[in-house]
Amino acid sequence: EPDLDYRVLNSDPYTEILVLPSGRIQTGDTLLVAYRYELGRAGSTTNTIAEFGATVRFDQLTVYHRQAIRRSSNGPEHIGLSVLPTGDHTTTGLSYLWRPRFGSLLISAEQRRRKSKVIDQTYYTIGGSFGFFLSSDVRGRIGANATLQRSRAFPSLSIYSTDASVDWNPIPYLQLRARLAGWYSLEQFRRKSYLGGGVEGEWQLALLRLRLRIDVFSWNETIRRVENRFIVGVARSF
């Protein structure tokens with residue numbers, strides 16, 4: 001369900017889907033995607049595409065940069081409501097992975113920019129996660145993430161999220177999990193917030209897999225309306 005399980009980010013040349021930690025999409029799940037394909041007007045278009053990237057690793061630190069240059073000529077830049085991926089697309093980021101005895105800590109930051117004649121859009125993402133284990137059958141994870149979108153063509157968007165989970169395997173073939181997640185988004189006149197959690201258990205019995213999940217959450221959406229009026233009145237009496 002949109003805004004509960006995922007959110008679509010408009011970042012050409014690829015459409016990115018942000019999986020929200022509060023949703024029901026788990027790692028390894030298979031998703032079905034529906035999309036619309038539009039044909040352009042009759043005519044000829046010449047496209048030039050150049051892509052390159054570089055990655056440098058210093059022990060536990062990774063720094064990368066990717067850039068795609070796309071040029072389209074002899075054709076319209078707009079086809080219907082879609083925009084051809086003409087322009088420069090750059091991605092620059094870094095990540096640091098630290099592995100102490102009791103878990104692992106990952107910190108990452110990334111900037112993505114799409115620039116063309118009509119759009120100048122930038123995404124900033126910073127996040128971190130800490131995975132830990134208390135014993136051989138108890139482990140957990142704590143994570144936080146922030147995504148900021150700045151654009152001259154679209155309203156600014158900010159998404160902040162955090163999540164925590166604990167897994168416990170008391171006996172073989174039985175897995176229990178408790179989780180808590182929350183996120184907050186701000187987009188011009190619209191604000192959304194989510195806070196929820198739940199417990200779930202999975203038991204593998206021969207070829208039979210039993211799964212029980214209980215969710216409790218609170219969802220809030222606020223729309224702020226702003227009106228600016230300038231009234232000039234002229235009165236004449238006799």
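Quick notes
- Selected residue (criterion: nearest to Arg70 (Cα to Cα)) from residues of segment 112-144 that are in contact with a strand residue (DSSP E or B) (Cβ under 6 Å, 6 or more places away or on another chain) and of a type in the set (Ser, Thr, Tyr): Ser116
- Residues within segment 124-146 that are touching a Leu at 6+ places or on another chain (Cβ under 7 Å) and among the hydroxyl-bearing types (Ser, Thr, Tyr), tallied: 2
Residues are listed down the side, and each one gets a yes or a no for (1) modelled with pLDDT of 90 or more; (2) among the polar types (S, T, N, Q); (3) more than 15 Å from Arg139 (Cα to Cα); (4) in contact with a His (Cβ under 6 Å, 6 or more places away or on another chain):
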residue	(1), (2), (3), (4)
Asp163	no, no, no, no
Val166	yes, no, no, no
Leu174	no, no, no, no
Ala178	yes, no, no, no
Trp183	no, no, yes, no
Glu187	no, no, yes, no
Lys192	no, no, yes, no
Leu195	no, no, yes, no
Glu202	no, no, yes, no
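- Selection status of Ala50, modelled with pLDDT under 90, part of a strand (DSSP E or B), of a type in the set (Gly, Ala, Ser) and surrounded by fewer than 16 Cβ atoms within 10 Å (Cβ to Cβ): yes
- Selection status of Ala178, out of contact with any helix residue (DSSP H, G or I) (no Cβ under 6 Å at 6 or more places or on another chain) and closer than 18 Å to Phe217 by Cα: yes
Yes or no, residue by residue, for (1) at pLDDT 90 or above; (2) among the small types (Gly, Ala, Ser):
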position: Glu110; (1), (2): yes, no
position: Leu134; (1), (2): no, no
position: Ala146; (1), (2): yes, yes
position: Gly198; (1), (2): no, yes
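- Screening segment 126-137 for residues that are more than 20 Å from the chain's Cα centre (by Cα) and either surrounded by 14 or more Cβ atoms within 10 Å (Cβ to Cβ) or acidic (Asp, Glu) (or both) and picking the one that is nearest to Tyr6 (Cα to Cα) gives Gly131.
- Residue within segment 101-108 that is surrounded by 14 or more Cβ atoms within 10 Å (Cβ to Cβ), under 30 Å from Ile223 (Cα atoms) and under 20 Å from the mean Cα position of the chain (by Cα) present: no
- The set of residues in segment 204-234 that are over 19 Å from Arg179 (Cβ atoms), at pLDDT 80 or above and aromatic (Phe, Trp, Tyr) is empty.
- Taking segment 112-123 as the range and being more than 17 Å from Gly93 (Cα to Cα) and at pLDDT 80 or above as the test, the residues that pass are Lys115, Asp120.
- If you go through segment 145-172 and keep only what is over 16 Å from Phe189 (Cα atoms), in contact with a strand residue (DSSP E or B) (Cβ under 6 Å, 6 or more places away or on another chain) and surrounded by fewer than 13 Cβ atoms within 10 Å (Cβ to Cβ), you end up with just Arg152.
- All conditions in (1) modelled with pLDDT of 80 or more; (2) outside any strand (DSSP E or B) hold for Gln26, with the sole exception of (1).
The values are calculated or read from the model by the stated rules, or taken from the named source; none is laboratory data. Just so we're clear, the structure is a prediction, and the values are computed from it rather than from any experiment. Glycine gets a Cβ as well: all are built from the backbone with ideal geometry, and neighbour counts include every protein chain shown.
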